Amino acid sequence: MVAALHALSTWAIPMFIVLIPLYAAFRKVPVYETFVDGAKDGFSTAIGIIPHLVGMLTAISMFRASGAMDMLVAAAKPLFARLGVPGDVLPLGLLRPITGAGSLAFATDLIKAHGPDSFIGRIASTIQGSTDTTLYVLTVYFGAIGIRNARYALKVGLFSDAVGFFAAVFACWLLY
């Protein structure tokens, strides 16, 4: 079973790269021209979301530099300790919905400090795979199509990040 999953994961992406253009050619879709049109649209979309990204990155920098994140983590540590969540991973739980690069850097620091096979290293890795950069996703995708009111999407996204965070911790407690 493990060998079959390994073979599937090894060949999945190369097969998609080959099969999608072949299927498009079979359907008589002009593959190259469609790709070029999509690339043109992607470039204009990238230019259009720059103001949204700058605003989000500025807010993230202010949140971290002001010490608000450190104060929030310090206040939440006793509560989360009762729930079995190591205090070292709390900043990762706060950073992950905000920034992918910042959360990856923090997870890397945790893994360097505690080791990849440590309990905290495994929780950090599992959180990275179980949650998403909700605010980044909302900024990029909603900004690209001009949606201004994202309140329900934001609530659902942050709730699913919280569920992913606690599920990651619970899965690590259960498995390790």
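The values are calculated or read from the model by the stated rules, or taken from the named source; none is laboratory data. On a predicted model such as this, the values are computed, not experimentally measured, just so you know. When we count neighbours, we look across all protein chains shown, and the Cβ atoms used for this are built from the backbone with ideal geometry, even at glycine. Quick note on the areas: whole protein, heavy atoms, side chains included, nothing else; ligands and nucleic acids left out. Shrake-Rupley method; radii C 1.70, N 1.55, O 1.52, S 1.80 Å.
Compute the distance in nm between two label points, each set 7 Å from the Cα along the Cα-to-Cβ direction, one at Val140 and one at Lys28.
3.6 nm
Using just the helices of the chain, give the 222 nm mean residue ellipticity in deg cm²/dmol: DSSP H runs with n ≥ 4 each add -39,500 (n - 2.57), and the total is spread over all residues, rounded to 500.
Details: 8 runs with 137 residues, N = 176.
Helices in the chain give a 222 nm mean residue ellipticity of -26000 deg cm²/dmol.
Tell me, what is the per residue accessible area of the chain in Å², probe radius 1.4 Å? Write down the numbers at each step before the final one.
On the way: 11810 Å² over 176 residues.
Per-residue accessible area for the chain comes out at 67 Å².
Would you kindly derive the ³J(HN,Hα) couplings of the range 80-88 from the backbone phi angles with the Karplus curve 6.51 cos²θ - 1.76 cosθ + 1.60 (θ = phi - 60°), listing them in order in whole Hz, with x for Gly and Pro?
Working through the residues one at a time gives 5, 4, 5, 8, x, 9, x, x, 5 Hz.
To the nearest 20 Debye, how big is the dipole of the chain about its Cα centre, given +1 on the beta carbon of each Lys and Arg and -1 on that of each Asp and Glu?
On the way: 12 positive and 9 negative charges, 62 e Å.
So the magnitude is around 300 debye.
What is the Cα coordinate range of the chain on the first, second and third principal axes, sorted by size from largest, in whole angstrom?
61, 47, 29
Carbon and sulfur atoms: what percent of the 1.4 Å accessible area of the range 44-175 do they account for?
Details: 5230 of 7600 Å².
With neighbouring chains kept in place, the figure for the range 44-175 is 69 percent.
Compute the distance from the alpha-carbon center of the range 46-88 to that of the range 8-23, in whole Å.
With the range 46-88 and the range 8-23 each reduced to a Cα centre, they are spaced 38 Å.
Sort the following peptides by mean Cβ neighbour count (other Cβ atoms within 10 Å, averaged over residues), highest first: 116-127, 141-152.
Values: 116-127: 19.1, 141-152: 11.7.
Sorting 116-127, 141-152 by mean packing, highest first, produces 116-127, 141-152.
With θ set to phi - 60°, apply the Karplus curve 6.51 cos²θ - 1.76 cosθ + 1.60 along the range 102-111 and write out the HN-Hα couplings as whole Hz, x wherever there is a Gly or Pro.
The phi angles translate into x, 5, 5, 5, 5, 4, 4, 5, 4, 5 Hz.
Averaging sequence separations of C-alpha pairs under 8 Å and six or more residues apart, then dividing by the length of the chain, give the relative contact order as a whole percent. Please report the intermediate quantities before stating the final value.
Values: 125 pairs, mean separation 35.8, N = 176.
Here the relative contact order equals 20 percent.
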